[in-house]
1. Here are the criteria: (1) at pLDDT 90 or above; (2) part of a helix (DSSP H, G or I); (3) farther than 26 Å from Met73 by Cβ. Tell me which single one Pro139 does not satisfy.
2. Could you tell me which residue of the range 1-22 is farthest from Gly167 (Cα to Cα), considering only residues that are open to solvent by 50 Å² or more (accessible area, probe 1.4 Å) and of a type in the set (A, V, I, L, M, F, W, C)?
3. Is it the case that Thr163 is surrounded by 11 or more Cβ atoms within 10 Å (Cβ to Cβ) and more than 21 Å from Gly54 (Cβ to Cβ)?
4. For the range 123-136, which positions are outside any helix (DSSP H, G or I) and surrounded by fewer than 18 Cβ atoms within 10 Å (Cβ to Cβ)?
5. Which of the residues belonging to the range 23-48 are surrounded by 12 or more Cβ atoms within 10 Å (Cβ to Cβ) and in a loop (DSSP other than H, G, I, E, B)?
6. Looking only at the range 91-110, decide whether some residue is aromatic (Phe, Trp, Tyr) and open to solvent by 50 Å² or more (accessible area, probe 1.4 Å).
7. Return the residues of the range 119-145 that are without any contact (Cβ under 8 Å) to a residue 60 or more places away in the chain and over 17 Å from Leu65 (Cβ atoms); say none if nothing qualifies.
8. Which of the residues belonging to the range 1-34 are of a type in the set (Asp, Glu) and farther than 19 Å from Leu81 by Cα?
Amino acid sequence: MLEHGVPLAELSIEKIARTAGVGKATIYRRWPGKEALLIDLLRSVEPPEPDLPGTSARDDLVMLLESVRQRGMVKRSSALLHNVYSQMRMYPKLWEAYHRTVIEPRRRLSLDAIRRGMAAGEIRPDLDVELVNDLFTGPLLLRTVIRPDAPLEPGLAERIVDTVLEGVRPRV
């Protein structure tokens with residue numbers, strides 16, 4: 001239904017069940033409500049979280065940013081994702097659930113990689129971890145959200161990580 005442009009406001013468990021040819025109880029056995037079902041739907045169409053190599057902060061950050069780049073590519077080509085993301089902020093409960101269950105776990109992976117890089121001497125330890133994370137993720141978010149026509153070419157994750165690492169590397 002979402003791929004065909006049905007607005008979130010018009011979706012209900014009853015309508016979803018009827019379209020799927022099942023009873024509402026079948027839906028409610030798996031999901032407590034529409035928000036939980038939509039979050040699972042979004043997770044199912046996005047690429048999975050990457051397995052980080054753990055060899056260096058650079059390698060982990062490249063892997064994480066490549067995952068963000070791939071998600072951006074999926075978002076650009078998916079009518080479902082485009083439709084849902086464009087409406088989701090109008091539904092605070094849905095946005096909060098998405099943020100808590102999808103965005104925050106990804107963010108924690110990135111913050112942990114940066115902290116490991118600080119502990120290993122790859123990144124200056126006097127820097128604000130949140131700001132450093134923003135420096136890494138910002139360019140890709142800009143290209144996927146604000147400038148959806150900007151290129152998301154292969155190799156972009158490496159270029160971003162190497163450029164930012166040059167600026168946050170410990171000074172000798």
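1. (3)
2. Looking at the filtered set, the residue picked out is Val22.
3. It is true that Thr163 is surrounded by 11 or more Cβ atoms within 10 Å (Cβ to Cβ) and more than 21 Å from Gly54 (Cβ to Cβ).
4. Listed by number, the residues that qualify are Arg124, Pro125, Asp126, Leu127, Asp128.
5. Result: Gly23, Trp31, Gly33, Glu46, Pro47.
6. Yes, the range 91-110 contains a residue that is aromatic (Phe, Trp, Tyr) and open to solvent by 50 Å² or more (accessible area, probe 1.4 Å).
7. Those that are without any contact (Cβ under 8 Å) to a residue 60 or more places away in the chain and over 17 Å from Leu65 (Cβ atoms): Ala119, Gly121, Arg124, Pro125, Asp126, Leu127, Asp128.
8. Glu14
The values are calculated or read from the model by the stated rules, or taken from the named source; none is laboratory data. Here the structure is a predicted model, which is why all the values come from computation and not from measurement. As a convention, Cβ positions derive from the backbone with ideal geometry for all residues, glycine included, and neighbour counts pool all protein chains shown. Keep in mind that these areas ignore ligands, DNA and RNA; they rest on the heavy atoms of the full protein, side chains included. Shrake-Rupley method; radii C 1.70, N 1.55, O 1.52, S 1.80 Å.
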